[in-house]
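Peer 1: Please find one structure pasted underneath; my questions will follow.
The values are calculated or read from the model by the stated rules, or taken from the named source; none is laboratory data. Computed from a predicted structure; not experimentally measured. Here the Cβ positions follow ideal geometry from the backbone for every residue, glycine too, while neighbour counts run over all protein chains shown.
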Amino acid sequence: MTAMIEVKDVSKAFGGIIANDKISLEVPEGRVTGLIGPNGSGKTTLFNSIVGYHPIDEGSIKFEGVEISDFRVPKIARLGLLRTFQQTRIYSKMNCVNNMLISVNHRSERFIDLFRDYPPELTEKAEQLLDFVGLYSKRKLISGDLSFGQQKLLEFAMALMNEPRLLLLDEPTAGINPTLINGLIDRLRRAAAEMGVTLFVIEHNMPVIMNLADSIYCLANGRLLAHGSPDEIQSDERVINAYLGGHYTVDD
Amino acid sequence: MTFKQKQLALYGILAVAGIAAPFVFPAYTFQITVMWVMILFAVTWDIMGGQMGYNSLGNIFFFGAGMYTCAIVQIGLYYDVAQYTASYGAIKVDFTPEQYFTGLVLGIIAAALVCVVFAVILAHVVFGLRGPYFAIGTLGVTLSAGELTGAWEYVGGGGGIALPVFPGEPDDRALMFYFMGFGLAVATFLFVKWMFSGRFGLAANAIRDDEEKAEGMGIRTMRVKTTGFAVAAFFLGMSGAVFGNMIGFIEPLEVAFPSVTFGIFMVIMCLLGGKGTLWGPVIGATLFHAFKEVTWTYMLGWQWVMLGGLIIVLVVFFQQGVLGWMQEKWPELFGIEVDEGAIATALAGPEIDERPHRGEAAQ
C-alpha cells in the first residue's frame, strides 16, 4: 500500500496562534481516510496547506512522491489533487452542464485549446456524472438556483469531472438534510471504488465518518491526537475527551 | 425558419444597413462612424468587465496608446517625428497618397501589436488587484498615461500632433473612415462571439463567478485574464488609430486618453445594454449613442445633466440592462431553463432522485 500523500512535521501558525503543530500523516492510495477533531483543531488549515492555499512554516508535503509544499493552488490542482469547500463553491451564474464542462482537468491544456469547443463526449460525460449525483433533470438550470444540498452534490460532481487522483472533501455532509446523507455516502463510496479516486475527508458527523473511512486521524488543538481504524478511534479515551471535554463546542 | 437561419438573416440585414447607412444618410456619416467605434468600445469592455467580472476603468488607455503608436509610425516612416511635432508645420510636410496609405495601414497594424504588448505587461501589474482596487488601478494607468504623454515633447506634448492630411475629397475621406470603423466593429464583434463560444467563455465566466474556485480547479486564470485583456487591447488599439486619423488632430487629454468621457461611456453602454452578454453591449452602445446625440443636439447646456440622470437611473433601477431584463422576462428565448418547481422540491422532496434518468446509467 503506497502513500499518496505524505505529510511530515507540518507546522503552520497565524500570528501567535499555532494552527498545525508538527503534524505527520499519510493518506494511502485507493482508501478513504478520515480527519476529525473539534472545531478549531486545525483540520481545514491542514487541508489548505496541502492544496497550496497558504505556505507552510515548516515540514514537508509530498503528493505521489513529489514535494508540493512550494507549489501554488492551480498547479497542485493540475497534478490531480483537488479539494471541495466547506462553504460550497460553484459557478453560480452558469448552468450545471457548463459548471461541469469548465471543471474538466487542465493538466495538458495548451493555449490554443482555450479557443476550441468541447468535444461532444465531454458533454456526455458531464451529463453522466450529473446523473450519478442525481442532478440530471436539473442540468440546464442556473446552478445558483439549486438548493444548498444540490449545490454540494454539484460541487462533488464537478470534482469528479476533473478526474482527480485524490479528492479532499471538507465536511461533505454539513448542511445537508439527513435523508440525503445516505445517498451522498453511497456516492462517495462508489466514486472511490469505481472511479479510483482516493478520498481524504473532514467530517463532523461521527456515524458518517465511522461508516465511510478505512482509517481516521484525529486532531486537537493543532496536534495529531490519535490515528487508527474507526473502531480504535471510537474507543480511544483521548478522542472522547477531546470531543466531550473542555474544547467541545456546538457543531456549526 | 430555423434559429440559425433567423440569425443569418439578422446578420444580413444589419450588414446591409451598415453598408447602406452612409449613402442613405450622408449628413450623418461622422456620427454613425462614431457609433461603430462606440460599439467596439462596449464589446471590448465587456470581455473583462462583463464576462470576467473585472471592471476596468482604464481600457481607454489602449485607445490612446494605439492612436499615438499609429501617429508615430505614420510620421516616423518619412520624417523625424520630433522635428515634425516641434515645427508645427514650419517644415514642409507633404505626404504623397502612397505614403499616406502605407503609413496608415502600417500604423494601424503597429497600434494593434503595441497595444497587445502593453496589455501583456500591464496584466502582470493590474491583475494582482481585485474589485474596486482593480478599477482604480486601471484608471490610474490611463490618467498617468495621459499626463506622461502630455509631458513627452517627442510627440508634441500637450500641444498634440496634426496627422497627415487625407489626399482626396472630404466625402471620400468620410466614407473611408466610415468603413474602417464599421469593419473594425464587425470584426471585433465576430471575433468576440467566436472566442466566447468555446472554452474561453466558460473559463471567463468561471473567473467572474468564483476566481478562487477556478484556481482550485486548476484553471490557468492568469492566462485567461491576460488573453481577454490583450484581445480588448488589440481591437481598441486599432480603433484609436482609426479614430485619431478621422479627427485629424490628436492630443493626450481630450482625444487620446479621455477617461471621463469615452472611458466612462464604455462602462455605461455595457450596463445599459446588459453586461456579460454578446448583444447587450451592441444594443447599449447604439441606444447610448443615440441618446447622447439627441441630448447634445437638442438639450445643449443640459447634456451632462441628462447623462448623469441616465447613469443614476441605470445604476439604481435597471442594473441588469436591456438584454438582462429581456432574459429575465423571456428566458426561453435565450435558451435559459428556469425550474419553477425547484423551490417546492427543495423544501419537500428527496433531493437525490434515486430513479435513473438516463438509459446508460441504469446499466
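Peer 1: Name every residue in the stretch B:266-279 that is part of a helix (DSSP H, G or I), touching a residue at least 60 places away in the same chain (Cβ under 8 Å) and farther than 18 Å from residue B:235 by Cα, in order of residue number. Steps first, answer last, please.
Peer 2: The first filter runs over the stretch B:266-279 and keeps only residues part of a helix (DSSP H, G or I), leaving B:266-273.
The next check asks that each one be touching a residue at least 60 places away in the same chain (Cβ under 8 Å); those that pass are B:266-267, B:269-270, B:273.
B:273 - this is the single residue of the stretch B:266-279 that is part of a helix (DSSP H, G or I), touching a residue at least 60 places away in the same chain (Cβ under 8 Å) and farther than 18 Å from residue B:235 by Cα.
Peer 1: Identify all residues within the stretch B:136-156 that are surrounded by 14 or more Cβ atoms within 10 Å (Cβ to Cβ) and without any contact (Cβ under 8 Å) to a residue 40 or more places away in the chain; write none if there are none.
Peer 2: Result: B:152, single match.
Peer 1: Continuing with the same structure: What about residue A:154, is it farther than 24 Å from residue A:200 by Cα, not in a loop (DSSP other than H, G, I, E, B), not hydroxyl-bearing (Ser, Thr, Tyr) and not assigned by TED's automatic domain parsing to the domain that holds residue A:3?
Peer 2: So residue A:154 does not fit the description; no.
Peer 1: Something else about it: Determine whether residue A:101 is farther than 26 Å from residue A:177 by Cα and facing chain B (nearest Cβ under 7 Å).
Peer 2: So residue A:101 fits the description; yes.
Peer 1: Scan the stretch A:113-126 for residues that are outside any loop (DSSP other than H, G, I, E, B), surrounded by fewer than 23 Cβ atoms within 10 Å (Cβ to Cβ) and more than 7 Å from every other protein chain (Cβ to nearest Cβ) and jot them down. I'd like the intermediate steps shown before the answer.
Peer 2: Taking the stretch A:113-126 and keeping what is outside any loop (DSSP other than H, G, I, E, B), we get A:113-115, A:120-126.
Subset that is surrounded by fewer than 23 Cβ atoms within 10 Å (Cβ to Cβ): A:113-115, A:120-125.
Correct list: A:120, A:121, A:122, A:123, A:124, A:125.
Peer 1: How many residues, within the stretch B:1-60, are closer than 30 Å to residue B:147 by Cβ and of a type in the set (A, V, I, L, M)? Working first, answer last.
Peer 2: At the first step, the residues of the stretch B:1-60 found to be closer than 30 Å to residue B:147 by Cβ are B:30, B:33-50, B:52-60.
This time we only want the ones that are of a type in the set (A, V, I, L, M), so: B:34-35, B:37-40, B:42-43, B:47-48, B:52, B:57, B:60.
Qualifying residue count, the stretch B:1-60: 13.
Peer 1: For the stretch A:71-98, enumerate the residues that are within 8 Å of chain B (Cβ to nearest Cβ) and among the hydroxyl-bearing types (Ser, Thr, Tyr).
Peer 2: Listed by number, the residues that qualify are A:91, A:92.
Peer 1: In addition: Just wondering, is there one or more residues in the stretch B:22-40 that are under 30 Å from residue B:121 (Cα atoms), in contact with a Pro (Cβ under 8 Å, 6 or more places away or on another chain) and hydrophobic (A, V, I, L, M, F, W, C)?
Peer 2: Looking for residues that are under 30 Å from residue B:121 (Cα atoms), in contact with a Pro (Cβ under 8 Å, 6 or more places away or on another chain) and hydrophobic (A, V, I, L, M, F, W, C), one finds at least one in the stretch B:22-40, hence yes.
Peer 1: Got a number for residues in the stretch A:127-151 being hydrophobic (A, V, I, L, M, F, W, C), in a helix (DSSP H, G or I) and farther than 25 Å from residue B:196 by Cα?
Peer 2: Residues meeting the conditions: 2.
Peer 1: Another one. Identify, please: which residue in the stretch B:1-26 is β-branched (Val, Ile, Thr) and surrounded by fewer than 12 Cβ atoms within 10 Å (Cβ to Cβ) and is, among those, farthest from the chain's Cα centre (by Cα)? Before you say what the answer is, go through the steps one by one.
Peer 2: First, pick out the residues of the stretch B:1-26 that are β-branched (Val, Ile, Thr): B:2, B:13, B:16, B:19, B:24.
Keeping just the survivors that are surrounded by fewer than 12 Cβ atoms within 10 Å (Cβ to Cβ) gives B:2, B:13, B:16, B:24.
Numbers: B:2: 31, B:13: 23, B:16: 22, B:24: 26 Å.
Filtering first and then ranking leaves B:2.
Peer 1: Then there's this: With respect to residue A:99, is the statement that it is part of a loop (DSSP other than H, G, I, E, B) and of a type in the set (S, T, N, Q) true?
Peer 2: Criteria not met by residue A:99.
Peer 1: Let me ask something additional. In the list A:37, A:59, which residue meets the criterion of being of a type outside the set (Lys, Arg) and either within 14 Å of chain B (Cβ to nearest Cβ) or farther than 21 Å from residue A:188 by Cβ (or both)?
Peer 2: On inspection, the qualifying residue turns out to be A:59.
Peer 1: Please specify each residue of the stretch B:217-252 satisfying the condition of being touching a Phe, Trp or Tyr at 6+ places or on another chain (Cβ under 8 Å) and without any contact (Cβ under 8 Å) to a residue 60 or more places away in the chain.
Peer 2: Residues satisfying the conditions are B:223, B:227.
Peer 1: Of the residues in the stretch A:136-156, how many are over 17 Å from residue A:175 (Cβ atoms) and more than 8 Å from every other protein chain (Cβ to nearest Cβ)?
Peer 2: Residues in the stretch A:136-156 being over 17 Å from residue A:175 (Cβ atoms) and more than 8 Å from every other protein chain (Cβ to nearest Cβ): 1 in total.
Peer 1: Given the structure, is residue A:151 touching a residue at least 60 places away in the same chain (Cβ under 8 Å) and surrounded by fewer than 19 Cβ atoms within 10 Å (Cβ to Cβ)?
Peer 2: No; evaluated as a whole, the condition is false for this residue.
Peer 1: So residue A:75 clears everything in (1) touching a residue at least 40 places away in the same chain (Cβ under 8 Å); (2) among the basic types (Lys, Arg); (3) outside the structural domain of residue A:134 (by TED's automatic domain parsing); (4) not in a strand (DSSP E or B) except one condition, right? Which one?
Peer 2: For residue A:75, the failing item is (1).
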